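The structure appears right after this line, and notes come after that.
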Amino acid sequence: MIGPSGPEPKQSTTPVCEILGSCATAPTAAGAASSYLVRSGSGHVLVDAGPGSLLAYLQAGHRLDELRGIVVTHLHADHCLDLMAWAYRWTFPRALASIPLFVPGEEVGRLGLFDSLFGIPTLPGMERPIFQAWEIQPLELDGKTWIELDGLRFRAYAAHHSVPSAALRFETDRGQVVAFSSDTGYCQGVVDAARDADVFVCEATYLDADEESLVGHGHLTARLAGGLATEARARQLVITHLSDPAIGAQAVTDAAETFRGPIHLAVPGMVL
Ligand SMILES: [Zn+2]
């Protein structure tokens, strides 16, 4: 953590966020791909189910019946590939109580392709594992529609990425705010999602990249992540989704050029 001259973080006695996995693209020796928990009233909400996330969740000592909902920011594999692992575990050997699974509304049809590939017709509870395990809820990326979920409320904003991508703003009933950029280029939707957030978890895929990667496909450098955090007046920045774990220290240094508050590098097990 750096940033001694930045604004004081609001001290919260209750952690709101836990990092399960922070890798872009796929797991590395450093841990799982994108996956996070937000503390809810009686359990927690999973944000993204990148490969390795189910193992990370269980090895962190969490139980499946503590999960109150799942939100997938977008349907790229490093954010959703473990959904089928979670759904198999959810439906076999016996079905757990259903919880909501939120995905960007335009992507509900594509979500069904998982079940087409991996459903098991000879096991009645697993013919369409994802749609049988959970209540599928389409997310409006309008920055307006609040969703109430176990002592939390959250809403989704349109991030800028090559597929529909949801930046997320969660507010607890204790007034804490945790925001997630999803995968994105620099855009107003993410600024709005992270406005005055206590914890802003923001992708920082690159140290440097060309226009096509940042604006065309839609990603951020660490400097751009810091700029977003400053524009949003976030209190703490957590940079995540680095393209290579080896660039972590430099990414923190770069982000500090554009954000003067505390900066953390997301690592599995980190609690904020
Ligand atoms: Zn990604």
Legend entry - For segment 84-121 versus segment 228-272, the gap between their alpha-carbon centres in whole angstrom: 32
Legend entry - Vicinal HN-Hα couplings computed from phi for segment 253-266 (Karplus, 6.51 cos²θ - 1.76 cosθ + 1.60; Hz; Gly/Pro x): 4, 5, 5, 5, 5, 10, 9, 9, x, x, 10, 10, 9, 5
Legend entry - Cα-based helix-to-principal-axis angle, 108-118 vs the chain, degrees rounded to 10: 60
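Report in % the part of the accessible area of the chain that belongs to carbon and sulfur, leaving out ligands and nucleic acids; probe 1.4 Å.
Of all accessible area on the chain, carbon and sulfur atoms account for 55 percent.
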Legend entry - Distant-in-sequence amide H partners of SER165 (H built 1.01 Å from N, under 5 Å): ALA159
Inset, instruction - Using amide H atoms built 1.01 Å from N in the peptide plane, name the residues 5+ places from ALA32, or on other chains, whose amide H lies under 5 Å from its own. - result: SER22
Legend entry - Computed lengthening from VAL271 to LEU64, 0.36 nm per intervening residue step minus Cα-Cα distance: 72.6 nm
Legend entry - Debye log10 I(q)/I(0) for the chain, one point scatterer per Cα, at q = 0.07, 0.09, 0.14, 0.16 Å⁻¹: -0.22, -0.37, -0.90, -1.19
Legend entry - segment 114-180: chymotrypsin sites (Phe, Trp or Tyr not before Pro) in DSSP loop, at most 12 other beta carbons within 10 Å: TRP146
Inset, instruction - For segment 162-272, give the magnitude of the charge dipole about the Cα centre (Cβ charges: +1 Lys/Arg, -1 Asp/Glu; no others), in debye to the nearest 20. - result: 460
Inset, instruction - Write out the trypsin sites (Lys or Arg not before Pro) in segment 146-183 meeting two conditions: DSSP loop, and at most 14 other Cβ atoms within 10 Å of their Cβ. - result: ARG174
Legend entry - Charge dipole magnitude, Cβ of K and R +1, D and E -1 - the chain, Cα centre, debye nearest 20: 720
Inset, instruction - Return the inverse of the average 1/r over all pairs of distinct C-alpha atoms in segment 140-236, which is the Kirkwood hydrodynamic radius, in Å to one decimal. - result: 13.2
Inset, instruction - Along Cα→Cβ, 7 Å out, is where each label goes; now give me the distance between the ones at ALA97 and GLN250 in nm to one decimal. - result: 4.9
Inset, instruction - Apply the Karplus parameterisation 6.51 cos²θ - 1.76 cosθ + 1.60, with θ equal to phi minus 60°, to every residue of segment 70-78 and state each ³J(HN,Hα) to the nearest whole Hz, in sequence, with x for glycine and proline. - result: 10, 10, 9, 6, 6, 8, 9, 4, 6
Inset, instruction - Have a look at CYS80, TRP134, GLY50 and report the one farthest towards the positive end of the charge dipole of the chain, computed about the Cα centre with Cβ charges (Lys/Arg +1, Asp/Glu -1). - result: TRP134
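The values are calculated or read from the model by the stated rules, or taken from the named source; none is laboratory data. Only a predicted model underlies this, so the values are computations on that prediction, with no experimental measurement involved. Cβ sites come from the backbone with ideal geometry, for glycine too, and all protein chains shown count toward neighbours. Heads up: the accessible areas ignore ligands, DNA and RNA and are worked out on the full protein's heavy atoms, side chains in. Shrake-Rupley method; radii C 1.70, N 1.55, O 1.52, S 1.80 Å.
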